Structure formats: C-alpha cells, structure tokens
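Enquirer: What follows is a single structure, and I will ask about it in a moment.
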Amino acid sequence: MIASSCGFARLLSQRVLLGHLAVSAALGVIALAPGHAHAAGNAGADVFATECAECHSLKQGKNKKGPSLFAVAGRKAGSIEDFKYSSAMTSSGIVWTADQIDSYVTQPKKAVPGGIMKYDGLPDAKARADLIEYLASVK
C-alpha cells in the first residue's frame, strides 16, 4: 500500500511539474514577443514597467492616461490625433529625440512648463538611458 501511494505521489508530482514547465514555456514565448515590456530581461523594459506602464502603452493606437509610446522616438510631441494633450505640449515644438526624452523624463514640468503629466521625474541617469534605448527599439 505504501509503495503504491508513493508511486502515485511521484506520478502526480511529475505531472504537476510538467504542467508548470508547459506554462513557464508559454509565458516565456509571450515575454519574448514584440511589444512586451519585459522582453529578454531588458533593463529599459523594466524601467518602463515600473515608471511608465501605469499611464502609457507600447501598443500602436492604445492610449491610456498618457499617449501610446509606440514609435515615440522621432515623433513630434502632441501629434497622436486621438489623444488630448495639454496646449503646452502641443505648442512645445518638441521632436522626441534621445536628448529631448532625457530632458523630459528627468524633469517633465521644467521641460514643458504647463504640461499635465503627473510625474515628478526620474533622477537616475542610467535608468533614463536604459529607458530611452528601449523606447527607441519599440516600433
């Protein structure tokens, strides 16, 4: 009786383990798909997830509290047609270069006085550089 119950427990344990491996493998494929914030353990993706994802999407055409940041590098500020920007942002004349993104993410209210983004800024230069590199790859 003990031997058969141990065999059953081992078989059950193996099936549970295989189920967990299958789920893990599926999640790994999803994580590596384009547009997912944690693709391949990217430090910039992690910064985006903690600092930006609550208000911004990386999907084209999907705005949240803030506009989509899909293909933001090189885009004119305030140019997504179906998002309501502040007049300060639309009249800023900014084109989102790496330097402009860095300045804005460092101190948004200084970079665009009168802007309405509710974010105080990211003081960590390395985190900003990682984020900017990551955003440039999302297109």
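The values are calculated or read from the model by the stated rules, or taken from the named source; none is laboratory data. Remember, it's a predicted structure, so these values are computed and weren't measured experimentally. As a convention, Cβ positions derive from the backbone with ideal geometry for all residues, glycine included, and neighbour counts pool all protein chains shown. Just so you know, the surface numbers come from the protein's heavy atoms only, side chains and all, with ligands and any DNA or RNA stripped out. Shrake-Rupley method; radii C 1.70, N 1.55, O 1.52, S 1.80 Å.
Enquirer: Which entries of Lys76/Lys109; Lys62/Lys126; Lys59/Lys109; Lys118/Lys139; Lys84/Lys126 have Cα-Cα distances beyond 21 Å here?
Expert: The pairs that break the limit, which is 21 Å between Cα atoms, are Lys62/Lys126; Lys59/Lys109; Lys118/Lys139; Lys84/Lys126.
Enquirer: For Asp46, Asp99, give the ranking by accessible area with the largest first, probe 1.4 Å. Walk me through the numbers on the way to the answer.
Expert: Values: Asp46 65, Asp99 125 Å².
My answer, sorted largest first, is Asp99, Asp46.
Enquirer: Right, here's the next one. Students sometimes get this wrong: rank Phe48, Phe83 by accessible area, probe 1.4 Å, all chains present, largest first.
Expert: Values: Phe48 5, Phe83 45 Å².
Solvent-accessible surface, decreasing: Phe83, Phe48.
Enquirer: Between Ala98 and Ala53, what is the label-point separation in nm under the 7 Å Cα-to-beta-carbon projection?
Expert: The two pseudo-label positions are separated by 2.5 nm.
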